[in-house]
Structure formats: structure tokens, C-alpha cells
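K.L.:
I have a structure I would like to understand better, so I am pasting it below and will then ask my questions one at a time.
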Amino acid sequence: MRKILFFISILFTACQATDTPSKTIPKAVFIILDGIPADVLEKVETPVLDEIAGIGGYTRAYVGGDVGTYNETPTISAPGYTDLLTATWANKHNVWDNYDQQPNYHYWNIFRTTEQHNPDLKTAIFSTWLDNRTILVGEGTAGDFKIDYAADGFEKDTIRFPHDDAAAYIHQIDELVTDEAARTIRESGPDLSWVYLEYTDDMGHAHGDSEEFYQAVRTADAQVGKIWEAIKERKTREEDWMIVITTDHGRDAESGKDHGGQSSRERTTWIVTNASPLNERFTAEEPAIVDITPSILHHLGISPPESVRNEMDGISFLGDVSLDQFKVELQGKTLKLSWHPFVSQGEARVLMATTNHYRTGGQDQYQEIVKIGLWSGQFETELTDEQWAAFEASGFMKILIEAPSNRANYWLLK
Ligand SMILES: [Zn+2]
């Protein structure tokens, strides 16, 4: 990955800005390449990712939620994928590890939201791990939707793919998954596709920071290349393809073999996309893995139900953005709100709920507590005796900020 391309992409975006968009069908593909720290991606030559970033952009990003807070999330694979799928952290989606996962399906994933928006939209999952479709996305469990194209579960076929200690079979499955993704995109052009490739993580665990690991990254880049070529072939049609490539966690600084903790290298990931123009959440801030689903939904022109949007922790890096970094502290009965504004004018509504029925399938009654000017970046307000008593009784409060272009939320736990 060469960072210089980022500047080329700004120029490219500036030149494109005057073009009138033609009427096209939006399509999206997101790819997770497992366990590649940002410093490794930036060091190893990845010509395909460079080409894609040259059209849209490259940025460092983060996983793991906010360290030391209620939404801190392990830098482990399945929690990371579910962060992406639901645009929430583990305190909501409830996937804490790679085994015995108990996703809380009340927090809708991108496939459910897409199918709910329009059941005629075609969805696809191409994956070296079956659980991604059957458990994390929860086809047949998480809601009334079906994935239209699936190529996965090959790791269960030990006749065709005998399991070897060097994990060569995982590389072979990644190749098959890639070929199926490229073929299906070329032939059928699903509206929303997820491609998951695992081999990089296996080489990281086995060899740490090493030539073997770097070679696996080059191989993954070439696999993305096959899918990117299929997308380019579709572009002769009236289709507008967004591709996003990311990873689910970094690795430890000492050996590069491990992950799961909250060190800077384990938390620091990256996002590559061809989408443009990218807003300041991408170009000036460090976006999070939870931002990918809101961005793809923006591209697809899908607005989730309000109750789903109220719970999302991610912010779209496409389209307009009002604020990010929303935080709330309670000192006595004083609520101290802070945020990073992207705009110099405009108002936001601040609402509160002292229940969390959403978590168990219900709805929460929000009450507006104040309207604030966005530009200041901070505001203090006193809870009324009634609001304070409700918080004392439930031990829980969620604060929602509704700005013109995006929302954000924060939990207070007694
Ligand atoms: Zn992983």
C-alpha cells in the first residue's frame, strides 16, 4: 500500500465533482482479509488495493470500541465481523469470541436491513468460515430473509480439503471462495456481497511478522484483484459498484502472532474503498469498523428503520456528516455532552431513555431533553428530579443525539 495515492485520490475526486451522476443501480461488495495490521498493509506491496484506493481512498481505522468503556470489544475475529455487520460494538451485538457465539439479533445486520428494505435485492456470502452466514448473519434465525448466493462451508469437507498443519487447505478454500465470488459477481451481479478470506490470519498466528505472513498478504491482494476485475467487467452495465476492503483486527507488537487485546497495533486496522467522494469522517478522522455498514447502506440508498438507526454506533463516511466522537459524562445531576462537529452551524436534538427494551426486542420511549447548537462541540445540562429518579431506578440511561446528517448514541451505566 502506497500512501501517496491518497493525494491522487483527492485530485481525482475534485475533478469528478462536477460530473452529473447518471441513473445507475447501486451495488456493493465488502471483503474482510483476516488479521492484517495497518503497518503491514502499508509495508507490503499490494497493487490491487493501491489501484482501488487511487479511485476512492485508503485510511487507517480502528476496532475494539472505546478502550475502558462500556463498549470495549475484544480484537478477535467474530466480534470484529459482527461489529462490521451490525454497526454496533459487542455490548450490543453480544459476540465476544469465535466459539459459542450468542449474537443478539435485535441489532439488525446489513443483510437483514437490506432484505427488509426490498426482498427483491440479491444478497451473497462467499466465506471460508460457515459460521459467518449461519450464526453471525443468522440466516433463518435473525429474521425472515434468505441469502441468495452462498459459497461457504468448505472447511467442513475434509475429503476435498484435508486439514494440514500448515493450513494450505485454508489457502485452497480462499482460492475457491474468491473464484466463486468473482464468477457470481460477473454472471449475476448481486446487490450486496460479503467475501471473507482467512489465510492471512493463519499465517500471522503461525509465523508472526515474517516473510510468510507478508506473502499471504500479497496473495490476498491478488484474490481481491480477481473480484475487482469482475466488478470492472460489470461496469459496462448501468451499475455503480462500491467495494470496501478491510480487516477485523491487527496483531500484537511483540511477535505479530497474537491478538485479542487493546494495544495500539491490535486496534489499528485500515479501510480501502473505491467510493468517492469520501467525507471527513474518512479523510480527516480515523473511522471505525462499525462505519462500514452505514456507508454501504448510504451507497445502496437504504435507510434502516429509525429504531435500528438509533442504536447504530457507526457513522457513514459517504454523504454529509454532522458530528462524531459523541460522549456523555454524568457529574452529580449534570449531563456533560461533548462531540466533534463537522459543521459550523445547525442544531441537534438530544434525547434520553432510561430503559433498554430494544435489547430484548422492545422499543424505548425517548424524551427530548434539550436542543443544542452543533458548532460548540460541548454542552452541559441539569437532569430534572424526575429524570434523575428514573435513572436511579433503572441504573441505565442512553442518550441519543439527532443531528441533521447523522445520529450518535451513548450509554451511562450506574
Ligand atoms: Zn481475525
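Read-outs: derived from the displayed coordinates by stated rules, not from any lab. Quantities reported herein were computed from a predicted structural model and do not represent experimental measurements. Cβ atoms come from the backbone with ideal geometry, glycine included; neighbour counts cover every protein chain shown.
K.L.:
Using a 10 Å cut-off around each Cβ, can you sort 235, 398 from fewest to most neighbouring Cβ atoms?
P.N.:
On the way: 235 11, 398 21.
The fewest-first ordering by Cβ neighbours comes to 235, 398.
K.L.:
Each label point is 7 Å from the Cα along the Cα-to-Cβ direction; what then is the distance between the points at residue 329 and residue 380, in nm?
P.N.:
Taking the simple label geometry, residue 329 and residue 380 are separated by 1.0 nm.
K.L.:
Quick one: go through the range 375-414 and flag any residue whose amide nitrogen is under 16 Å from the point 7 Å out along the Cα-to-Cβ line of residue 367.
P.N.:
Under 16 Å, as judged by backbone N against the label point of residue 367, lie 381-400 of the range 375-414.
K.L.:
Straight distance only, please: which lysines reach the Cα of residue 43 with their own Cα at less than 17 Å, same-chain residues fewer than 8 apart left out?
P.N.:
List returned: 3.
K.L.:
Based on Cα coordinates alone, diagonalise the gyration tensor for the range 198-284, multiply each eigenvalue by 5, take square roots, and list the semi-axes in whole Å, largest first. Could you put the intermediate results ahead of the total?
P.N.:
Numbers: eigenvalues 173, 68, 12 Å².
Largest first, the range 198-284 gives 29, 18, 8 Å.
K.L.:
Please give me the summed charge of the neighbours of residue 300: other residues whose Cβ is under 11 Å from its Cβ, Lys and Arg +1, Asp and Glu -1.
P.N.:
-1
K.L.:
Do the alpha carbons of any pairs in 92/398; 27/327; 371/414; 27/226 sit beyond 22 Å of each other, and which pairs?
P.N.:
As for pairs spanning more than 22 Å Cα to Cα, those are 27/327; 371/414.
K.L.:
Counting helices only, and only those DSSP H runs with n ≥ 4, report the 222 nm mean residue ellipticity of the chain as the sum of -39,500 (n - 2.57) divided by its residues, in deg cm²/dmol to the nearest 500. Display every interim value, and only then the final one.
P.N.:
Values: 14 runs with 136 residues, N = 414.
So the helix-based figure for the chain works out to -9500 deg cm²/dmol.
K.L.:
Right, next: Under unit Cβ charges (Lys, Arg +1; Asp, Glu -1), what dipole magnitude, rounded to 20 debye, does the chain have relative to its Cα centre? Could the numbers behind the result be given before it?
P.N.:
On the way: 36 positive and 65 negative charges, 197 e Å.
It comes to approximately 940 debye.
K.L.:
Please report the antiparallel percentage of DSSP beta bridges with both residues in the chain, rounded to the nearest 5.
P.N.:
Working: 40 of 63 bridges.
Close to 65 percent.
K.L.:
Straight-line reach only, C-alpha to C-alpha below 19 angstrom: list the aspartates and glutamates that residue 333 could link to, leaving out same-chain residues fewer than 8 apart.
P.N.:
368, 380, 382, 385, 386, 392
K.L.:
Sticking with this structure for a sec: Please tell me the relative contact order of the chain in percent, rounded to the nearest whole number, where contacts are Cα pairs under 8 Å and at least six residues apart. Can you show the working numbers first?
P.N.:
Details: 891 pairs, mean separation 85.3, N = 414.
Reported as a whole number, the value is 21 percent.
K.L.:
Still on this model: Can I get the semi-axes of the range 166-247's equivalent ellipsoid? Compute them from the C-alpha gyration tensor as square roots of 5 times the eigenvalues, in angstrom, largest first.
P.N.:
On the way: eigenvalues 151, 28, 18 Å².
The answer is 28, 12, 10 Å, longest axis first.
K.L.:
Taking every pair of alpha-carbon atoms in the range 323-413, what share in percent sits in each 5 Å bin, from 0 to the bin with the longest distance?
P.N.:
Reading the bins upward from 0: 3, 14, 27, 25, 16, 11, 4, 1.
K.L.:
So if each residue of separation counts as 0.36 nm, and I subtract the Cα-Cα distance between residue 45 and residue 255, what length gain in nm does that give? Don't skip to the end; give the middle numbers.
P.N.:
Values: separation 210, 0.36 × 210 = 75.60 nm, distance 2.11 nm.
Value of the extension gain: 73.5 nm.
K.L.:
Here's something else I'd like to know. Which far-off residues, 5 or more places away or on another chain, put their amide H under 5 Å from the one on residue 28, with H placed in the peptide plane?
P.N.:
192, 193, 242
K.L.:
Separate question: Taking the range 5-311 on its own, what percent of its Cα-Cα pair distances exceed 25 Å?
P.N.:
45 percent
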